[in-house]
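Below: one structure, written as structure tokens.
The values are calculated or read from the model by the stated rules, or taken from the named source; none is laboratory data. Just so we're clear, the structure is a prediction, and the values are computed from it rather than from any experiment. Virtual Cβ from ideal backbone geometry, glycine too; neighbours counted across all protein chains shown. Just the protein is used for accessible areas: all its heavy atoms, side chains included, with ligands, DNA and RNA removed. Shrake-Rupley method; radii C 1.70, N 1.55, O 1.52, S 1.80 Å.
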Amino acid sequence: MIVVNRFRVEEAEAEQFRSDVQAALETLALRPGYLDGQVGRNVDDPTLWVLATTWANVGSYRRALSAYDVKVTAVPLLSRAVDEPSAYELVGPDHGPLDQARPRELD
């Protein structure tokens, strides 16, 4: 699964945000089930940033958010994200057909 968190960051706060989001990514990367992650800044609107992470499954992601180190480092930053759905199930040839009714994998 992928998680996409978008942030609005004023130019004056950009360097501090860059440091904070990198610390959050590094903390998330230590959790079981984390596969990959990236931080990006929009090329057309430099006040729009993204933290995108890939997880083995939804259970790994949810458990990561419950970990103490994540609550201290990443959750305060994630609370600043644009208020929109952020977790996406992967679809495509390797992930089964779209809208397939199947139980979610929690481990």
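Looking across region 91-107, the residues that are closer than 23 Å to Arg31 by Cα and either exposed (fewer than 11 other Cβ atoms within 10 Å of the Cβ) or at pLDDT 90 or above (or both) come down to Arg104, Leu106, Asp107. When region 79-90 is examined, which residues are found to be of a type outside the set (D, E, K, R) and either within 12 Å of the chain's Cα centre (by Cα) or at pLDDT 95 or above (or both)? Those that are of a type outside the set (D, E, K, R) and either within 12 Å of the chain's Cα centre (by Cα) or at pLDDT 95 or above (or both): Ser79, Ala81, Val82, Pro85, Ser86, Ala87, Tyr88. For region 37-55, a residue qualifies if it is without any contact (Cβ under 8 Å) to a residue 24 or more places away in the chain and among the small types (Gly, Ala, Ser), and the qualifying residues are Gly37, Gly40. Only one entry of Arg6, Arg18, Arg41 meets the criterion of being more than 30 Å from Asp94 (Cα to Cα) and either open to solvent by 50 Å² or more (accessible area, probe 1.4 Å) or touching a helix residue (DSSP H, G or I) at 6+ places or on another chain (Cβ under 9 Å) (or both), and that entry is Arg18. In region 83-96, the residues that are under 21 Å from Val50 (Cβ atoms) form Cβ pairs under 6 Å with partners that are modelled with pLDDT under 90 and among the aliphatic types (A, V, I, L, M), at six or more places apart or across chains, as follows: Val91/Leu98. In summary, Ala87 fulfils each of the numbered conditions (1) within 22 Å of Arg18 (Cβ to Cβ); (2) open to solvent by less than 90 Å² (accessible area, probe 1.4 Å) with the single exception of condition (1).
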